[in-house]
Structure formats: structure tokens, C-alpha cells
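Engineer: Quick one: the structure is below, and I'll ask about it shortly.
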Amino acid sequence: MISFSNIQKQYGKQLIFVDASFQLNPGEKVGLVGPNGAGKTTLFRMIVGEEFPDEGEVSVPRKITISYFRQDVEEMSGRSVLDEAIAGSGRAGALHHELEELHHALGDPSKADQMDRILSRLGEVQEEYEHLGGYALEAQAREVLQGLGFLEEQIDGDTGALSGGWKMRVALARVLLGNPDVLLMDEPTNHLDIESIIWLEQFLKSYPGTLLMTTHDREFMNRVVSKITEIDAGEITVYSGNYDFYERERAIRETNQQAAFARQQAMLAKEQRFIDRFKTHAAKAAQVQSRIKALDKIEKIELPRKRQVVKFEFRAPPRSGDQVVVVENLYKRFGSRVLYEDFQVTIRRGERWAVMGRNGAGKSTLLKMIAGVLDPDQGVVQLGASLKMGYFAQQSLDVLNPNLTVMEQLQRDFPQDGIGSLRTLAGAFQFSGDDVEKLIRALSGGEKSRLAMARMLYDPPNFLVLDEPTNHLDLATKEMLVDALQSFEGTMIFVSHDRAFLRGLSTRVLELGGESGTDRSPLLYPGSYAEYVQSLGHEAPGIHS
């Protein structure tokens, strides 16, 4: 269907693609992977015709429809969420918006003299709209928006009132409703909670078209794709399987390449010894020249490229008391919505609590009350003895000084530590080489999250309160973080939509909102997230297997 043939692409001195080829076939669901800056976004932009290769050919059939979900969302306002979502639905979407305009015109006194024309056009549009299944489209749009976490009142409300994260969901709904032949998705799970991620997973599994996507959510990738395309150092390599298969196969290929490299190096050394030994012997001159020519023709095997992952190791935090947090008779409301009523929980030393719940159930609110940045209306949140708390939320990024570099920020935070230790810390959170000289104001959201996490964990608290700590983190950093936190000797309570994080770290689960997602009867489950899923039969509140 879509093919890349021997493409070359270069930005300045940086080679993106070198004689690379790749094919995307009808109905395939493909995960696109590779380190930051490898060229994943460039490949997307070539498919939609926003960029072109320097050499080679990108072939895209003219008649296919392509929708592209990307992270930079344009400004949205003046339309309802429903109208904005339907906007991507081709002719039916255009007719939907014309119908809206015609209905408004009917009620406009200044257009009284145009009523005959308006009514005539309204009849034509309604007929075509119905013929194209427009009214079914509205129902489908509501279903998609609800799947992505929107409440009914939000669906009919103005898109302009939404935050950036919620506008991303509207953009995602618009792409899904377009029902294209080819769906390109750049990090579709960013800004989604676990319930919406699971819904999207099911939607994409049943989507009949072709899918090419990037994501930092390993579980999501594993469940949706059946092929992995890797971009690395200018080359494109295809693996037939999900992400777990790709990792195993890549490791096998690296091992085989290392063995082949070692064998070739041994052979080359042997040949070179013969040449060095007999290059002055006239009787062996012909053999020496023959071997020199043979060596020149041999295609040299290179060592596989190693992605360096620096392991982060915790210093031992100070020991806290046995009771870390005691919450008693907690009551909290926002307007008419009561989030907590007579709520109690005790968190003990060494426990790791995962807080689950639908949007609006009060997950972040609970963490804010425990961290002391929000007061309960009634009740007590009592912190235990000898407690040193570390609180991470998206607001944690505000404490970074935008005018400092990464290294300057770490040196200011930890003036007693040497450059070597701080470089190791930066490296563990994927700041290597010149990255440590980047100004903080120039960092991406993911880079700022990594830096804020590094600062918090270097001089470790004994109680971590983490609100969506994996947002914007790439797979390598997530896996390093889970690995590091598994050896953390303190206590944790966290909210996360990443199932690898939930499964790898939790020893207790607090489910807010009960089965319906609307009642206020929290469930305290005395086991890990994996045990919670097995026992209750669902991965998140309201999501049933």
C-alpha cells in the first residue's frame, strides 16, 4: 500500500535515513519505535506529504484516505466538543456543520427575507446527511467521546473551555471518527487515563484499516500491534511480532552480530599476520597481494549499536515510623460534587498504594491532601513520625529554573556533590553528553518531568507521593524508573495510567468511586494491582474484561 524505497534524508549534518526501505500493507497494525530524534515524526510527515526524501521514493496510493494524530493540536473554540469531533468526518462532517448553521439562521430575525432559500437548503442537506448516515455519526461521536472520558455535559459544551490535555482528546476523537484507510498516531495515549487507554485499545483492535503508531506505553503497544518497525541510525528494520517479541528478537540479532563480528575480527587478524610476516618474501609476494585484495573486498561487520541505559540506584532513605499516613473521617467536596465522605485509610511503612478511579473520582485530590497542598473540608490527614516526603505532580515542573541548564540546576540543588555523580544522575534520566547543557526553558515536557524526578529521587525521601509520574516518559526511562523504585525501601502512594508501572510496583490498591464510578464507597484491596485485576476481573474501575 504505502512504500519507502531507498530513501535518504538529512538535516544539516544529521543523517535521518540512509538508503532505507519500508512497506506498510493494508490492514497491518504496526508499532514505530526508535530513540528520540531517530526520524519517527519525519516518516509520518513523509507519508502525509509534509516532507520529502532527499533521494529515493515514497509511494502513497492516491485514492486512500489518511488521518494523522499528532501532539501539536491547533486552537479550538466556538464549537461544541461534539461538533469539533465530527469535523474530521469528511462530507458528513461538513454537512453536520452546515446543518448547525442553517438551524441558527432559521432563528435569526435579520434573515427573515431569506427563509425560503434557507428552508430549501435545509431540506437538501438533511436528505444528504441522512443518506450518508450522519445521524448515526452523531451517536458514534458521543460513544467515542465517552470512551475517551468526556461527560455528557462536556460533550455539548464549548471546546474553548477545555485544557490542552482535553483538547488533545477531542483531536483524537476527530481522527478516529474520520474512519480513514490509514491511521497514523503519534503518542495517542498521552493525556489519557487508564480507562480511556483501555477503551482506545479495544477500538484500535477492531479498527479494520491500517495503523502505524508510536507510543511509550509498552502494554498498549503489545496488545494492539502485530509488527514493529524500528528506525535507528538511518536504517529501518522490521520485526514480525509485538513489542515483547521485538525486544527478544533484537537481543538475539545483537548477540549473533557480536559473534559474527568476533569471528570476522579473528579472521582479519590472522590474514594480517600472514601479510605482515611474508610481505618482504619474494616467493610469497603473489599470495600476499592476493590476500590484500581479498581483504579490501570483504564487507566489514560492525558491532551492534548499544543503547546505553544508566542504572539509577537509590541511596538508603531515613527510616520512618510504622504508621506513615492516617486519614480519618475525611470529607471533601467541589461545588455540589462530594468526592470524599467519612473516608478513612491507614498507610503503613513499606506499603505501595496504587490509587485507581475514573476521571473526577478524586485521585489527584487525595494525593494533594496527603501532600499538604490542599486542605480537607473536614476530617484529619495525619502524617507519621520521622517522615521525609517527596511529592511529584505536573506542578513540580514549576520549581525548575528556566534560565539554568540541566547541570546548573542539579549543581544548585546538590552543591556538595561532584560533577561525576551529578552526570551519572543525569545519565540515568536520559540526559547524556551535551544534553546536560540544555537550558530548562528549551526542554520538552518529558525532559522536564525526567529532571524533576531526578531531583526528587537523588536525595531520597522515605515517602513518595507520585501523581502520574510516567507522563511523557519514554519506554527506556519508564523501565529504568520501575526497576529503581522496586528497590526503594520507603513507602509510596501513586496515581498512574501505565499498567507496567502499576503491575511492577503496587502492593495495595485503593479504588475510588466504587463499581459505578459515581458512588462514594472506596474499595481498599489488600494486594497488588496484578492480584486486584485477577480477583475483580477488570483492569480499572468500570472497565470489565
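FYI, it's all coordinate maths here, none of it is from the lab. Fair warning: this is a prediction, and the values are worked out from it, not measured in the lab. Here Cβ is always computed from backbone atoms with ideal geometry, including for glycine, and neighbour counts include all displayed protein chains.
Engineer: List the relative contact order of region 323-536 as a percent without decimals, with contacts defined as Cα pairs under 8 Å and 6+ residues apart.
Structural biologist: Rounded, it is 27 percent for region 323-536.
Engineer: Quick one: length gained pulling Leu295 to Ser163 fully straight, 0.36 nm per residue minus the C-alpha distance?
Structural biologist: Length gained, Leu295 through Ser163: 41.2 nm.
Engineer: A follow-up question, please. Between Arg79 and residues 5 or more places away or on another chain, which pairs have amide H atoms under 5 Å apart, with H built 1.01 Å from N, and which residues are they?
Structural biologist: The list, which skips near neighbours in sequence, is Thr159, Gly160.
Engineer: Additional query: Quick one, which of (1) 47, 38, 20; (2) 44, 26, 21; (3) 35, 27, 25 is the actual semi-axes √(5λ) of the Cα gyration tensor in Å calculated for this model?
Structural biologist: Checking each listed value against the structure points to (1).
Engineer: Please list, in order along region 57-66, the HN-Hα scalar couplings obtained from phi with the Karplus expression 6.51 cos²θ - 1.76 cosθ + 1.60 (θ = phi - 60°), rounded to whole Hz, x for Gly and Pro.
Structural biologist: 9, 10, 10, 10, x, 5, 7, 7, 9, 10
Engineer: Using the 2.2 N^0.38 Å rule of thumb for compact globular proteins, work out how region 323-536 stacks up: its C-alpha Rg over that value, please.
Structural biologist: 1.07
Engineer: Which residues in region 87-108 place their backbone N less than 14 Å from a point set 7 Å from the Cα of Leu119 along the Cα-to-Cβ direction?
Structural biologist: Zone members listed by number: 106-107.
Engineer: Please give the FRET efficiency for Val380 paired with Phe245, using the beta carbon to beta carbon distance and R0 = 35 Å, rounded to the nearest 0.05.
Structural biologist: 0.10
Engineer: Okay, next question. Distance cut-off 26 Å, Cα to Cα: go down the list Lys388/Lys448; Lys227/Lys300; Lys29/Lys478; Lys9/Lys478; Lys13/Lys438 and report the pairs above it.
Structural biologist: Over 26 Å Cα-Cα: Lys227/Lys300; Lys9/Lys478.
Engineer: Order of 322-328, 257-263 by packing, highest average Cβ count within 10 Å first?
Structural biologist: Ranked by mean Cβ neighbours within 10 Å, highest first: 322-328, 257-263.
Engineer: Follow-up question, since we're still on this one. Over the chain, what is the relative contact order in percent, taking alpha-carbon pairs closer than 8 angstrom and at least six residues apart?
Structural biologist: 14
Engineer: Counting only the backbone N, which residues of region 201-234 are under 17 Å from the spot 7 Å out from the Cα of Gln257 toward its beta-carbon?
Structural biologist: It comes to 228-234, nothing else.
Engineer: Hey, can you grab everything whose amide H is under 5 Å from the amide H of Gln378? Only 5+ residues off in sequence or another chain; H modelled, so Pro and N-termini drop out.
Structural biologist: Tyr331
Engineer: Using DSSP to define loop residues, name the trypsin sites (Lys or Arg not before Pro) in region 417-498 whose beta-carbon has at most 10 other beta-carbon atoms within 10 Å.
Structural biologist: Passing sites in region 417-498 do not exist.
Engineer: In deg cm²/dmol, rounded to 500, what helix-only [θ] at 222 nm does the chain give when every DSSP H run of at least 4 residues adds -39500 (n - 2.57) and the total is split over its residues?
Structural biologist: Value at 222 nm, helices only, nearest 500: -12500 deg cm²/dmol.
Engineer: Given a Förster distance of 56 angstrom, what is the FRET efficiency for Gln146 paired with Asp417, based on the Cβ-Cβ distance and rounded to 0.05?
Structural biologist: Between Gln146 and Asp417 the formula returns 0.65.
Engineer: What area, in nm² and to one decimal, does the C-alpha convex hull of region 308-405 cast on average over all directions?
Structural biologist: Dividing the Cα hull surface by four gives the mean projection, 9.5 nm².
Engineer: Quick check: Cα centre of region 365-416 to Cα centre of region 457-497, how many Å?
Structural biologist: 14
Engineer: Oh, and also: In the neighborhood of Gln534, defined by Cβ-to-Cβ distances under 14 Å, what is the net charge if each Lys or Arg adds +1 and each Asp or Glu adds -1?
Structural biologist: The answer is 0.
Engineer: Highest first, please rank the peptides 58-64, 99-105 by the mean number of other Cβ atoms sitting within 10 Å of their residues.
Structural biologist: Final packing ranking: 99-105, 58-64.
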